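One structure is given here, and the rest of the page talks about it.
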Amino acid sequence: MTTRTPQRLLVTGGAGFIGSNFVHQTVDQRPGVAVTVLDALTYAGQRSSLEPVADRIELVEGSITDAGLVERLVADCDTVVHFAAESHNDNSLRDPSVFIQTNLVGTYTLLEAVRRHPDVHFHHVSTDEVYGDLALDDPARFAESTPYNPSSPYSATKAGSDLLVRAWARSFGVAATLSNCSNNYGPYQHVEKFIPRQITNLIDGRRPKLYGAGLNVRDWIHVEDHNAAVWRIIEAGRPGETYLIGADGERNNLDVVRTLLAVFGQDPQAFDQVNDRPGHDRRYAIDSSKLRRELGWRPRLTDFAAGLRSTVEWYRAHEAWWRPVKAAVEAGYAAQGQ
Ligand code: NAD
Ligand code: DAU
């Protein structure tokens, strides 16, 4: 088995949802590892998400498309963990242009820098959405061999970025691993996303908003389990390989909303159906047996109702973190009939 001992991490997108949880986990569990975050602090990245660890990391505000800055930071690390992206499907349907810049040009910029530093390992964090969707009644799940078939501008740019990484690994010998994970939930997730949007609606006395009939299925994983898998891959993953990450957490959106309504002690029918997302993927489902078999990873936080309850508690306790952006996010959705 390959073994690496990362000591100097460059974490792109480390002020976003999954990246900030990754930085917290790293600082807590691996105090000897030096962490530099490169983040453009877009609408999705908040300095305050790193405030609890601010004195133990370096935060560089800048873009992964800035070749000079990227070169300097890559030269000073042994491992790049690449989370930075435009990440929201609904935004990509309104304006795809920034998705092309960040997800494609940004990943290309990082790869070119890593190519000049052959001792640096590159881990690319990606999504199960590159595989398109499955029918609701299809027993199949996505595996590493599933053909790419992305639906939205977001998932098409993530698919393109994955293919760039694979090409740079094969053609230029860049030492890279890739992971494609299912839907994450947990603390520090932007209120534009499904679960935080409904939690903060319920805190505000508003009804949850379901796209269409709410029958679309997502395969939920707690963000801590995702990040533990990323650590396992950067330490032991085989160069050039892709690993799917998932925790067998398939649920439809209606079921998630009803679980949240129960947490808030409300009627299971107290939600609104709103306009559906154009091209809405029906179902995602991950077969993560390669990661479990080869690298021995297992999810720990698989009690979804308990995970939702603790996530609700986090949003109740951190209103100052999400309140400033809530009204504008809801106004944007209302303009789309959502
Ligand atoms: P997020 O939107 O919460 O965070 C993205 C971060 O990237 C933000 O801090 C933002 O400021 C930063 N960023 C954006 N453009 C940048 C640029 N040009 N230069 C530097 N930083 C920039 O996203 P997330 O949900 O934390 O997702 C992180 C990664 O994980 C993404 O690559 C996403 O595709 C992938 N992923 C997400 C999920 C999920 O459920 N959220 C699941 C699987 C994979
Ligand atoms: O599968 C991994 C992907 O999961 C990641 O690559 C993306 O970055 C991440 O945003 C997420 O994509 P989704 O589109 O699945 O997540 P979102 O939270 O936007 O929506 C989850 C489901 O809930 C989806 O079926 C749409 C639905 N939805 C969403 C919102 C915001 C609603 O029903 N109501 C809503 O208000």
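Under the rule a/c < 1.5 gives rounded, and otherwise a/b versus b/c splits prolate from oblate, where does region 3-89 land using the Cα gyration tensor?
Working: a/c = 1.61, a/b = 1.14, b/c = 1.42.
Taking the square roots of the gyration eigenvalues as a ≥ b ≥ c, region 3-89 is oblate.
Placing dummy labels 7 Å off each Cα toward the beta-carbon, the span from Gln266 to Gln101 is 3.7 nm.
If I fit a long axis through the Cα atoms of helix 304-317 and take the longest principal axis of the Cα atoms of the chain, what angle between them do I get, 0 to 90°, rounded to 10? Between the helix axis and the principal axis of the chain, the angle is about 90 degrees. Would you mind pulling out the separation of the Cα centroids of region 266-282 and region 283-338, in Å? If you average the Cα positions of each part, the centres end up 17 Å apart.
In the chain, the calculated helix contribution to ellipticity at 222 nm averages -12000 deg cm²/dmol per residue, counting -39,500 (n - 2.57) for every DSSP H run with n ≥ 4.
First check a/c for region 96-168, with a ≥ b ≥ c the square roots of the eigenvalues of its C-alpha gyration tensor; if it is under 1.5, answer rounded, and if not, answer prolate when a/b is larger than b/c or oblate otherwise. Verdict is oblate for region 96-168. Can you pull the percent of the chain's accessible area that's carbon plus sulfur, 1.4 Å probe, other chains left in place? Percent of accessible area from carbon and sulfur atoms in the chain: 50.
Run the numbers on region 55-197 and let me know its relative contact order in percent, using alpha-carbon pairs under 8 Å that are six or more apart. List each step's numbers first, then the result.
Working: 185 pairs, mean separation 39.5, N = 143.
Relative contact order for region 55-197 comes out at 28 percent.
Think of region 150-251 as having a plus end and a minus end, set by charges on the Cβ of Lys, Arg, Asp and Glu; of Ala228, Ala156, Ala167, Ala156 sits farthest toward the positive end of this dipole. Average accessible surface for the chain: 40 Å² per residue, computed with a 1.4 Å probe over protein heavy atoms with every protein chain in place. Residue separation of Arg72 and Arg207 scaled by 0.36 nm, minus their Cα-Cα distance, works out to 43.8 nm of gained length. Each Lys and Arg contributes +1 and each Asp and Glu -1, all at the Cβ; summed about the Cα centre of region 1-131, the dipole is approximately 300 debye.
Rounded, prolate or oblate for region 30-149? Axes are the square roots of the Cα gyration tensor eigenvalues, ordered a ≥ b ≥ c, and the cut-off for rounded is a/c under 1.5. Please report the intermediate quantities before stating the final value.
Details: a/c = 1.73, a/b = 1.59, b/c = 1.09.
It comes out prolate by the Cα gyration axes.
Summarising the label geometry, the points placed 7 Å from Cα in the beta-carbon direction at Glu144 and Asp55 lie 4.3 nm from one another. With both labels modelled 7 Å from their Cα along Cα-to-Cβ, the Arg292 to Ala317 distance reads 3.1 nm. Placing unit charges on the Cβ atoms of the charged side chains and taking the dipole of region 1-159 about its Cα centre, the candidate lying farthest along the positive direction among Gly19, Pro118, Ser48 is Pro118. Bridging of Lys209 to lysines at a Cα separation below 18 Å is possible for Lys193, Lys326, once same-chain residues fewer than 8 apart are set aside.
Taking the Cα centre of the chain as origin and charging only Cβ (+1 Lys, Arg; -1 Asp, Glu), how large is the dipole, in debye to the nearest 20?
Working: 35 positive and 42 negative charges, 55 e Å.
Dipole of the chain, to the nearest 20 debye: 260 debye.
Kindly state, to the nearest 0.05, the FRET efficiency for Leu136 paired with Arg8, given R0 = 35 Å and r defined as their beta-carbon distance.
Values: r = 45 Å, r/R0 = 1.30.
The computed FRET efficiency comes out at 0.15.
The values are calculated or read from the model by the stated rules, or taken from the named source; none is laboratory data. Note that the structure is predicted; figures quoted are calculated from it, not measured. Positions of Cβ are generated from backbone atoms using ideal geometry, with glycine treated the same way; all protein chains shown enter the neighbour counts. Ligands, DNA and RNA are stripped out before the accessible areas are found, and what is left, the full protein with its side chains, is counted by its heavy atoms. Shrake-Rupley method; radii C 1.70, N 1.55, O 1.52, S 1.80 Å.
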